[in-house]
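> Have a look at the structure that comes next, please.
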Amino acid sequence: MAQVSVWREVLKGLSGGGESGGDTTESDLRIMLLGYRKAGKSSSGNTILGREEFDTVGRTAQCVKRQGQVAGRQVTVVDAPGWWRNYQLEETPELTKNEIELSVSLCPPGPHALLLVIRVDTPLTETHRRSLQEHLELLSERVWSHTIVLFTRGDCLGDTPIEQHIESEGESLQWLVEKCGNRYHVLNNQKIEDHMQVTQLMEKIEEMVTGNRGQHYEMERQRREI
C-alpha cells in the first residue's frame, strides 16, 4: 500500500501534460481499453466500474467514455473500437484507426493506463501478435510504457496460474507481455461483483503510474497522415 500512497502524492504535484507533465486533478484515474473485436473490452469496462455502463451486445463502432467512482476515486474509462483479430493495420478501415486515435483525447490530458485486452482462451499466433503491435503503435512507440496486458475469460484458466499459461503459449505471447514491461492482469467478467480482481488491477495500474513518475500518455503532436 506504500506504492499507492506514493502514487497519490505524485498526482498531487502534477501540473502539465504528456510525458513531461501530469494532471490537474489529484485523485482521478484515466484508463483506455484497446484490443481486437470480441476480446471483452466493453465487459472489462463494466467490471472495472462495477456496473453495466458499456453495451456488450452490439459492436463498439465509436469511442465510448464512461465514468464512475472506484474505491473512492473518480475513474474514467474509454472503450475504443476493436479491429478484426486477423487484420493487419493496413487492412483496418480508416474510420476505426481514426477512432482509436480519437480515444486518447476523450480522457484529457491523456490516459494513465492503456489496457491491451486479449482473451486467455484464444491462442496468440504471430499474425495476431503483429496485428496487436501495429494497432497499438498507431498511437506511437511510447505507448508501451503505459500499457498492461489484460486477459479476459479468466474463468477458462481453471486452476492454471496465468504465469504458466503465458509460458506454455509460446514466443508471441511472451513477447507481448515483455513488451509491456511484464505487466499483466486477469479478469473474469462473469463475476462483476468480485471487487478484489478490480482492486488488484488498480494496484497494478498505480504501480505502473508510479514507475512512470506520475506521467500519463499523450498523443504525439503530429498525427499520422491519412
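Conditions tested, residue by residue: (1) in contact with a Pro (Cβ under 6 Å, 6 or more places away or on another chain); (2) assigned to a helix (DSSP H, G or I); (3) in contact (Cβ under 8 Å) with a residue 12 or more places away in the chain.
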| site | (1), (2), (3) |
| --- | --- |
| 142 | no, yes, yes |
| 145 | no, yes, yes |
| 149 | no, no, yes |
| 166 | no, yes, yes |
| 175 | no, yes, yes |
| 182 | no, no, no |
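> Give the residues of segment 89-116 that are of a type in the set (A, V, I, L, M, F, W, C) and crowded, with 19+ Cβ neighbours inside 10 Å, sorted by residue number.
Those that are of a type in the set (A, V, I, L, M, F, W, C) and crowded, with 19+ Cβ neighbours inside 10 Å: 100, 104, 107, 113, 114, 115, 116.
Here's the yes/no breakdown for (1) surrounded by fewer than 14 Cβ atoms within 10 Å (Cβ to Cβ); (2) in contact with a Cys (Cβ under 9 Å, 6 or more places away or on another chain); (3) of a type in the set (Gly, Ala, Ser):
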| site | (1), (2), (3) |
| --- | --- |
| 37 | no, no, no |
| 41 | no, no, no |
| 45 | no, no, yes |
| 49 | no, no, no |
| 57 | yes, no, no |
| 64 | no, no, no |
| 69 | yes, no, no |
| 77 | no, yes, no |
| 87 | no, no, no |
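> Which is closer than 22 Å to residue 78 by Cβ, surrounded by fewer than 17 Cβ atoms within 10 Å (Cβ to Cβ) and among the small types (Gly, Ala, Ser), of 214, 170, 181, 158?
181
> Restricting the search to segment 85-106, which residues are within 19 Å of residue 55 (Cβ to Cβ) and either part of a loop (DSSP other than H, G, I, E, B) or in contact (Cβ under 8 Å) with a residue 60 or more places away in the chain (or both)? It would help to see each step written out before you state the result.
Applying the first criterion (within 19 Å of residue 55 (Cβ to Cβ)) to segment 85-106 yields 95-96, 99-100, 102-103, 106.
Of everything in segment 85-106, those that are within 19 Å of residue 55 (Cβ to Cβ) and either part of a loop (DSSP other than H, G, I, E, B) or in contact (Cβ under 8 Å) with a residue 60 or more places away in the chain (or both) turn out to be 100, 103, 106.
> Okay, moving on. So, of the residues in segment 53-74 that are basic (Lys, Arg) and touching a strand residue (DSSP E or B) at 6+ places or on another chain (Cβ under 8 Å), which turns out to be nearest to residue 99 (Cα to Cα)?
Filtering segment 53-74 for residues that are basic (Lys, Arg) and touching a strand residue (DSSP E or B) at 6+ places or on another chain (Cβ under 8 Å), the one nearest to residue 99 (Cα to Cα) comes out as 65.
> Could you tell me which numbered condition residue 160 fails, if it satisfies all but one of (1) over 23 Å from residue 127 (Cβ atoms); (2) part of a strand (DSSP E or B); (3) not charged (D, E, K, R)?
Only one criterion is unmet by residue 160, namely (2).
> Here's a follow-up. For residue 34, indicate whether it is at negative phi, modelled with pLDDT of 95 or more and not in a loop (DSSP other than H, G, I, E, B).
So residue 34 passes the test.
The values are calculated or read from the model by the stated rules, or taken from the named source; none is laboratory data. The model shown is predicted, which means the values in this text are computed figures rather than measured ones. Note: ideal-geometry Cβ built from the backbone for every residue, glycine included; neighbour counts use all protein chains shown.
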